[in-house]
Amino acid sequence: MNSEWGSIYKDLGLQPIINATGSVTALGGSVVAKEVKEAMDMSNDVYIPMADLEKKVGDEIANILGVPAAYITSGAGSALTLAAAAFMAGKDDKKIQQLPNTEGMPNKILIQKRQRYWYDRCMEFSGGQLVEIGNEDGTTKDDLINSIDDETACVHYPVYEQAEIDKNILSLEEVIEIAHSKNKPVSVDAAGQIYPLENFGKYVKMGADFQCIAAKYMGAPHSTGIALGTKDVIDSISRHSFVGYESRRIRGIGRPHKIDRQEIIGVYTAVQRWMSMNHEERLSLEETKTLNIINQIQSIDGIEVKIIDNIIGHQPFGLSLNIDSNKFKTNNHDFVETLKNSNPPIWTRVPDGEETIIIHVFGMNVEQSNIVGKIIKEKLEGLKK
């Protein structure tokens, strides 16, 4: 087999790229860790009852993280959809098979207006309805209290520990206290909250009934995730899942959310690896890749380069790049396209709602980080006015 970089794609007539965007689904998500690949290979030619495997691996991960229960899903988005189903239909087989028709069930999923985000749509795929509380100025306790009624299935809360605290919205602690006082569960999207290690499972320990994790961030396959929660919620999720559909012969909404035995073993191995690895070395490597780029371009007149000093969550370090269009025959948005058309193509982006190019190093190796710095320098020098 041709071992040239990207040959497996080139043989198909496709152009491989350098990923300077990070762990994004549009580019394939993650690089599977060596230990994870080895464990998946060992599981490949052996069959196992999937219900037993899900239960055992879930129990092991829950024990490692110190949470009541866990379940492996086909990504964090799948965990959100299955959790919403669990909050609406619970363990009632008749209702499980009725979804996505939610007649006769609580189906409102409350979310603060200022917390709306790209992936909250996953909470609606099993038949739920997202209902905004508060407004663009914020949310008060009374807003939440007055919004909870018999039709409320849960209150949903996305967490970004690396972002600045929004003082205009209710904190997770406040949401948990209010929701639980009304006997309603709380769902937390914590897909990227895997570092510091105490954040991994933190929100269930705080009292949330469910949280999701994207396992791709830890060296597991892109198509895997973890649902963490109370034993009752995780038991409900298992009944709605593809395993429940096949092993219990109950026609729930989870059948398309199938994963294989190799992926489940991969997630288990990834969690073990993540909880025992040297994170100082990991972070040092990410910083090195970032500086490899910065050191090649920071002296160019007419650009502003800043290191992203965040180490929380799944994408540490990286840099921002801002181009003065008065000094270059390009701007930030056009330069993103210039890099896409370079050789090799480099994919980065100006994130939605921002104006600055953000370069993440999650998807690069050290050699590629040097290539990225070299190409950015060459392209900018060629575009000088």
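The values are calculated or read from the model by the stated rules, or taken from the named source; none is laboratory data. These numbers were taken from a predicted model, which means no experiment stands behind them. Quick reminder, even Gly has a Cβ in these numbers, built from the backbone with ideal geometry, and neighbours come from all protein chains shown.
Quick check on region 27-38. Is at least one of its residues assigned to a helix (DSSP H, G or I) and modelled with pLDDT under 90?
Within region 27-38 (the criterion being assigned to a helix (DSSP H, G or I) and modelled with pLDDT under 90), the answer is yes, since at least one residue qualifies.
Which residues, counting only those in region 11-25, are under 19 Å from Gly363 (Cα atoms) and either assigned by TED's automatic domain parsing to the domain that holds Gly219 or over 22 Å from the mean Cα position of the chain (by Cα) (or both)? Give the steps one after another, and end with the answer.
Step one: list which residues in region 11-25 are under 19 Å from Gly363 (Cα atoms), which gives 14-25.
Leu14, Gln15, Pro16, listed by residue number.
Among the residues of region 230-275, what is the count of those that are within 12 Å of Glu54 (Cα to Cα), of a type in the set (A, V, I, L, M) and under 21 Å from the mean Cα position of the chain (by Cα)?
6
So, in region 8-29, exactly how many residues are out of contact with any strand residue (DSSP E or B) (no Cβ under 9 Å at 6 or more places or on another chain) and more than 16 Å from Pro345 (Cβ to Cβ)?
3
Could you list, in sequence order, the residues of region 139-178 that are within 17 Å of Pro106 (Cβ to Cβ), hydrophobic (A, V, I, L, M, F, W, C) and touching an Asp or Glu at 6+ places or on another chain (Cβ under 9 Å)?
Answer for region 139-178, where residues must be within 17 Å of Pro106 (Cβ to Cβ), hydrophobic (A, V, I, L, M, F, W, C) and touching an Asp or Glu at 6+ places or on another chain (Cβ under 9 Å): Leu144, Cys154.
Looking at region 340-385 only, could you name the residues that are within 20 Å of Val31 (Cα to Cα), of a type outside the set (D, E, K, R) and either assigned by TED's automatic domain parsing to the domain that holds Trp118 or in a helix (DSSP H, G or I) (or both)?
Answer for region 340-385, where residues must be within 20 Å of Val31 (Cα to Cα), of a type outside the set (D, E, K, R) and either assigned by TED's automatic domain parsing to the domain that holds Trp118 or in a helix (DSSP H, G or I) (or both): Val366, Gln368, Ser369, Asn370, Ile371, Val372.
With respect to Ile72, is the statement that it is in contact with a Phe, Trp or Tyr (Cβ under 7 Å, 6 or more places away or on another chain) and closer than 21 Å to Asp189 by Cβ true?
no
Restricting to region 59-73, give me the number of residues that are buried (at least 24 other Cβ atoms within 10 Å of the Cβ) and not aliphatic (A, V, I, L, M).
2
Kindly indicate which of Gln296, Gln272, Gln262, Gln315 is crowded, with 16+ Cβ neighbours inside 10 Å, assigned to a loop (DSSP other than H, G, I, E, B) and of a type outside the set (A, V, I, L, M, F, W, C).
Gln315
Go through Thr73, Thr25 for me and flag whichever is among the β-branched types (Val, Ile, Thr), at negative phi and in contact with a Cys (Cβ under 9 Å, 6 or more places away or on another chain).
From the options Thr73, Thr25, the qualifying one is Thr73.
Give region 118-142 a look and list any residue that's closer than 16 Å to Asn168 by Cβ and in a loop (DSSP other than H, G, I, E, B), or say none.
Of everything in region 118-142, those that are closer than 16 Å to Asn168 by Cβ and in a loop (DSSP other than H, G, I, E, B) turn out to be Gly134, Glu136, Asp137, Thr139, Thr140.
Please list, ordered by first then second residue, the pairs with beta carbon atoms under 6 Å, 6 or more apart or interchain, first in region 226-253 and assigned by TED's automatic domain parsing to the domain that holds Asp189 and of a type in the set (D, E, K, R), second surrounded by fewer than 16 Cβ atoms within 10 Å (Cβ to Cβ) and not in a helix (DSSP H, G or I).
Filtered contacts from region 226-253: Arg239/Lys91.
Just give me the residues in region 149-165 being within 16 Å of the chain's Cα centre (by Cα) and either over 19 Å from Gly207 (Cβ atoms) or surrounded by 17 or more Cβ atoms within 10 Å (Cβ to Cβ) (or both), in sequence order.
Once the filter is applied, which keeps residues that are within 16 Å of the chain's Cα centre (by Cα) and either over 19 Å from Gly207 (Cβ atoms) or surrounded by 17 or more Cβ atoms within 10 Å (Cβ to Cβ) (or both), region 149-165 yields His156, Tyr157, Pro158, Val159, Tyr160, Gln162, Ala163.
For residues in region 176-220 being aliphatic (A, V, I, L, M) and surrounded by fewer than 24 Cβ atoms within 10 Å (Cβ to Cβ), which is nearest to Gly29 (Cα to Cα)?
Among residues in region 176-220 that are aliphatic (A, V, I, L, M) and surrounded by fewer than 24 Cβ atoms within 10 Å (Cβ to Cβ), the one nearest to Gly29 (Cα to Cα) is Ile194.
Would you check which residues across region 207-252 are in a loop (DSSP other than H, G, I, E, B), polar (S, T, N, Q) and in contact with a Ser or Thr (Cβ under 9 Å, 6 or more places away or on another chain) and list them?
Ser223, Thr224
Looking at region 156-176, I want the residues that are within 20 Å of Leu130 (Cβ to Cβ) and have a partner that is surrounded by fewer than 15 Cβ atoms within 10 Å (Cβ to Cβ) with Cβ atoms under 7 Å, at least 6 apart or on another chain. Which pairs are those?
From residues that are within 20 Å of Leu130 (Cβ to Cβ), the pairs are Pro158/Tyr117; Asn168/Asp137; Leu170/Lys141; Leu172/Met206; Glu174/Lys141; Ile176/Met206.
Just checking, which of Ile145, Ile109 is in a helix (DSSP H, G or I) and either buried (at least 18 other Cβ atoms within 10 Å of the Cβ) or free of Cβ contacts under 8 Å to residues at least 40 places away in the same chain (or both)?
The unique qualifying residue is Ile145.
Within region 187-207, is there a residue that is touching a residue at least 40 places away in the same chain (Cβ under 8 Å) and over 19 Å from the mean Cα position of the chain (by Cα)?
yes
Determine which member of the set Glu4, Glu60 is charged (D, E, K, R) and more than 27 Å from Ile253 (Cβ to Cβ).
Just one listed residue meets the conditions, Glu4.
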